[in-house]
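Following: one structure in structure tokens, then a few remarks.
The values are calculated or read from the model by the stated rules, or taken from the named source; none is laboratory data. Keep in mind that what you see is a predicted model, and the values were worked out from it rather than measured. FYI the Cβ positions are ideal-geometry reconstructions off the backbone, even for glycines, and counts take in every protein chain you see. Protein only, heavy atoms only, side chains kept; ligands, DNA and RNA dropped before computing areas. Shrake-Rupley method; radii C 1.70, N 1.55, O 1.52, S 1.80 Å.
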Amino acid sequence: MEGTRCWQCGQPTAGALFCPSCNHLQQPTSDYYKFFGLPQKLNLDPGDLQKRFYSLSRQLHPDRFTRSTPTERQYSLEATAILNDGYRVLRDPVSRAEYVLRQRGFDVGEQRSKDVPPELLEEVFELNMALEELKVGDESAREQLEESRARFRSMRDEVDSQLQQLFVRYDESADQDSANAILQEIRGVLNRRRYIRNLVDQVERELAA
Amino acid sequence: MSSTFQIDFSAAHKPVIVGIDLGTTNSLVAFMDLTGPKVIPGPEGERLVPSIVSVRQDGEVVAGNPARQLLIEQPDRTVYSVKRLMGKGVSDIGEELRLFPFRIAEGSESVVRLQLGDRTFTPPEISAHVLRQLKQNAEAYLGRPVTQAVITVPAYFNDAQRQATKDAGRIAGLEVLRLVNEPTAASLAYGLDKRKDGVIAVYDLGGGTFDISILRLHEGIFEVLATNGDTHLGGDDIDNRLIQIALEDIQSEWGEDIGKNREAVQLLRRAVIQAKEELSFVPVTKIELEYQGKAYRRELTRDLFEKLIADIVERTLGPCRDCLRDAGLSPEQIDEVVLVGGSTRIPLVQKAVETLFKARPHTELNPDEVVALGAAVQAGILAGDVQDKLLLDVTPLSLGIETMGGVVSKLIHRNSTIPASATEIFTTGVDGQRNVLIHVVQGERELAKDCRSLARFDLKDIEPMPAGMARIEVRFLIDANGILNVSARDLRTGKEQSVDVKPSYGLTDEQVEAMILESYEKAEEDIRERQAREARVEADTIMNALEKAKQNDAWLELTDEERRTIDEALNRLLMVYHSDDHLLIRQSIEHLNNVTMKLAENMMNSAVSNALKGTKL
Ligand SMILES: [Zn+2]
């Protein structure tokens, strides 16, 4: 956006949301980090992010452009949609990491993660047994399920702290190659996390039923 | 309230934007004056305009209080609670048809058509008549034209219901600048943001809908965290419960089922509503009905009333718990609770809310007016007069597209702050395919058939190429009104891709345009007709006077020439008398007036001289 000029007065905007010369709203960037004025880091301060979100909302919301030209009204609508979408993505560490992966060209499609990670094979086998027993009315399986839930939860916490460490390493990475290597690692951990989360959800559903 | 609203005095000459609460039972219009939001009263000083529309025998459509009178006299030509039908087809109003005397006409598949006399109306047209009444009240009160409005809708309204409300505004000649969710509007009216930052819950039990919203207030920003509700739950359900019981009583007392008699049921409806309202203030009351010489009387205690409606009140608590869960909060974290809607006057409702949220609810503002007042504040925000507040609302339902096997792929999740968007890339499945059809649904279920069909979007005129080669990026954008906009781009050419929208429910743009035109023509016709009628009344007056004058001596004192001129002028007036052109009639009246000037003078003189003679005698 650096080379862009204002649609209204033709002066260079240097990528600003509002033209420095005439103050008209410009076509917004769709890059969430740029939009929030943040460097592409995986660790973000939630309080700071929220502050930016509120401040940008005040400036960009369609309510502020009722009496403006159709172009500005359209830009306001687009900008606010990007702002809201971006806030939703960036405030959650997992969706934030997935966003950065996608921006960097990694494939993070909706993997059904049917393949059980090998280290979880035994756990999943036992879980399925317990679920079967519960279905046929064996209440003693409930206890086993509760144990499984506790185990899966602690696994999830473990994965989360692993992610946290990778985030720090990514943010401190010196060059593109090492950054990409860390992203590759993050991608693997996210897949594992997705799988564990599904297990937790499944057990919780069964226990609630 | 004056200190609550920061007003920009320089803005006093901008066109006014009104705030409208288009309710199931009653509607209100409000505006922002220099001290804060104010409800605009009607010509009789009434603040509530009943959401009732009636077609009189002479074909004139009336709304509000005049229509309310006709509800008993001509129930077949009168309709109420039409908000329950907004944005719906005949297949999804089974429950409404069981409980309300709607008469459905042919061709109601995608839009309900109501039969009133020999005419049919869609719900947006009916609502437009109520809106027109509110617009007129506002124009009379403010002394200037009103063409822009903020209209409130239940937070849980889907896309079609929102679109129908916007259509109603357009048909009534109002540019709807924003649809605001009713509970959010109510929170604006309370101005709670001035007291402190915190979390508030708004419990809104209206005539026909129930909404719950949880908001975070922070330095004037009202951020909705989650919303939930039931568009089939409201005060009407309480009334229907009481009517049912009374009908059974009457059946056993009189040996007669009056349930099929519309007039009797309307009288009974009034009676139970009165009893219900009284029970909010006294512990015991009576339901009384006199009909065709028979009388029905039944004592009703608050205790029994509460037992009768307990399950209805309980049904509101499920959505409240879900809303708390979605907001990620426990009841203890709710700082304030606001009550909205007439049904929240019921002590049992207040008790239930207080127990759930562990906070004493706010009831300072009139629950019937608080939504309209909030709509006026939002109007002030849009006008730029209120600069210290901003609403960030959410979409109540997830938006998704139907994929293989009828499974829904969610694109925008419920409780996402709006405006919100999502993009998807579509391609073709067979060689040379020219169209791609996208079925968009709203709802939380896994299968498209269990969700609400919103529209089918047809990506047209795709360049023929081998299967899977086309790359069309479709952007789904929910705007600040909660209404979906879809645009598409061919990624290979970068060009805009044309999209044909087929809404599943509701009116097409062309239909709305036709209704706007028709309403203008009708309004113009009405005005012309009225002006001609008024001119004829004036003509009658002058012709009667002339008739009398011809008996007077003064007539004989005129020359033959003068008398002939007058008779010619009279004939001219008689010739145009039945024309519908009021200007022509008035010209002839004026001409007759001019040529009878001397006659009038002579009569005056003779009257004076007669009077003088009289005093002498
Ligand atoms: Zn500029």
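Using a cut-off of 12 Å between beta-carbons, work out the net charge of the residues near A:Glu143 (Lys and Arg +1, Asp and Glu -1, A:Glu143 not included).
Overall, the nearby charge balance is -3.
In vacuo Debye scattering of the range A:32-103, one point per C-alpha: log10 I(q)/I(0) at q = 0.16 Å⁻¹?
At q = 0.16 Å⁻¹ the computed log10 ratios are -0.57.
Restricting attention to the alpha-carbon atoms of the range B:102-239, what are Rg (one decimal) and Dmax (integer), both in Å?
17.5, 56
How long are the semi-axes of the equivalent ellipsoid of the protein assembly as shown, taking √(5λ) for every eigenvalue λ of the Cα gyration tensor, in whole Å from largest down?
Three semi-axes, in Å: 61, 36, 26.
Find the relative contact order for chain B and round it to a whole percent, using C-alpha pairs within less than 8 Å whose residues are 6+ positions apart.
Worked out over chain B, it gives 13 percent.
Please check chain A for the longest run free of trypsin sites (Lys or Arg not before Pro) that are loop-located per DSSP (anything but H, G, I, E, B) and have at most 10 other Cβ atoms within 10 Å.
A:1-111
Can you list residues whose amide H is under 5 Å from B:His232's amide H, if they're 5+ apart or on another chain and H is modeled 1.01 Å from N?
For B:His232, the qualifying residues are B:Phe210.
Between B:Ile516 and A:Asn43, what is the FRET efficiency for a Förster distance of 60 Å, r being their Cβ-Cβ separation, to the nearest 0.05?
After rounding to 0.05, the efficiency reads 0.65.
At 222 nm, what value in deg cm²/dmol follows for chain B if DSSP H runs of at least 4 each add -39500 (n - 2.57) and the sum is divided by all its residues, to the nearest 500?
Estimated from H runs of four or more residues: -13000 deg cm²/dmol.
With the calculation restricted to Cα positions, what are the radius of gyration and Dmax of the range B:248-304 in angstrom?
Expressed in Å, the Cα Rg and Dmax of the range B:248-304 come to 11.8, 34.
Taking 7 Å along the Cα-to-C-beta vector as the label spot, tell me the A:Phe125-B:Gln244 distance in nanometres, rounded to one decimal.
According to this spin-label approximation, the distance is 5.6 nm.
Can you compute the FRET efficiency between B:Asp33 and B:Glu538 using 1/(1 + (r/R0)^6), with r the Cβ-Cβ distance and R0 = 30 Å? Round to the nearest 0.05.
Calculated value: 0.15.
Starting from the amide H of A:Thr4, placed 1.01 Å from N in the peptide plane, find each other amide H under 5 Å away whose residue is 5 or more places distant or on another chain.
Excluding prolines and chain starts, which carry no amide H, the hits are A:Thr13, A:Ala14, A:Gly15.
Just how far, in whole angstrom, is the range A:39-87 from the range B:335-366 if you go by their alpha carbon centroids?
Here the two parts' Cα centres lie 34 Å apart.
What FRET efficiency, computed as 1/(1 + (r/R0)^6) with R0 = 35 Å and r the Cβ-Cβ distance, is obtained for A:Trp7 and B:Asp458, rounded to the nearest 0.05?
0.65
What list of ³J(HN,Hα) values in whole Hz, one per residue of the range A:38-46 in order, does the Karplus curve 6.51 cos²θ - 1.76 cosθ + 1.60 (θ = phi - 60°) give from phi, with Gly and Pro shown as x?
Once rounded to whole Hz, the list reads 10, x, 6, 9, 8, 9, 10, 7, x.
Just checking the output field for B:475-486: average partner chain Cβ neighbours within 10 Å of each residue's Cβ?
2
Within 10 Å of each Cβ in peptide A:77-85, how many partner chain Cβ atoms are there on average? Round it to a whole number, please.
6
Along Cα→Cβ, 7 Å out, is where each label goes; now give me the distance between the ones at B:Glu106 and A:Asp92 in nm to one decimal.
Reported label-point gap for B:Glu106 and A:Asp92 is 5.1 nm.
Taking the Cα centroid of the range B:417-453 and of the range B:212-262, what is the distance between the two, rounded to the nearest whole Å?
35 Å
For the protein assembly as shown, can you list the cysteines whose C-beta has no other cysteine C-beta under 4.7 Å from it?
So far as the 4.7 Å Cβ criterion goes, B:Cys320, B:Cys323, B:Cys451 stand without a partner in the protein assembly as shown.
Straight-line reach from B:Lys38: which lysines have Cα under 17 Å away, leaving out those fewer than 8 places along the same chain?
List returned: B:Lys135.
Counting each DSSP H run of 4 or more residues in chain A as -39500 (n - 2.57), what helix-only mean residue ellipticity at 222 nm follows after dividing by all residues, to the nearest 500 deg cm²/dmol?
Rounded to the nearest 500, the figure is -22000 deg cm²/dmol.
Hey, got the average number of other protein chain Cβ atoms within 10 angstrom for residues in B:386-397?
Per residue, the number of nearby Cβ atoms from other chains is 2 on average.
Expressed in nm², what is the orientationally averaged projection area of the convex hull enclosing the Cα positions of the range B:55-139?
5.7 nm²
Using a 10 angstrom Cβ neighbour count of at most 16 plus a DSSP loop assignment to flag exposed GluC sites (Glu not before Pro), which longest range of chain B is free of such sites?
Longest site-free region, per DSSP loop and neighbour criteria: B:447-617.
How long are the semi-axes of the equivalent ellipsoid of chain B, defined as square roots of 5 times the Cα gyration tensor eigenvalues? Whole Å, largest first.
Values for chain B, descending: 53, 34, 26 Å.
Nearest 10 degrees, 0 to 90: what angle lies between the long axis of helix B:509-549 and the longest principal axis of chain B (Cα atoms)?
20 degrees
Search the structure for amide H atoms under 5 Å from the amide H of B:Ala155, placed 1.01 Å from N in the peptide plane, and list their residues when 5 or more places away or on another chain.
B:Glu182
Order B:Thr231, B:Thr428, most accessible first, counting only protein heavy atoms with a 1.4 angstrom probe.
Ranked from most to least accessible, the order is B:Thr231, B:Thr428.
Give me a comma-separated list of calculated 3J(HN,Hα) values for the range B:132-149, in order, Karplus coefficients 6.51, -1.76, 1.60 applied at θ = phi - 60°, integers in Hz, x for any Gly or Pro.
The phi angles translate into 4, 4, 5, 4, 4, 4, 5, 5, 5, 6, 8, x, 7, x, 10, 10, 10, 8 Hz.
Hey, rough spin-label estimate for B:Glu299 and B:Ala359, points 7 angstrom out along Cα→Cβ, what's it come to in nanometres?
So the two model labels end up 4.1 nm from each other.
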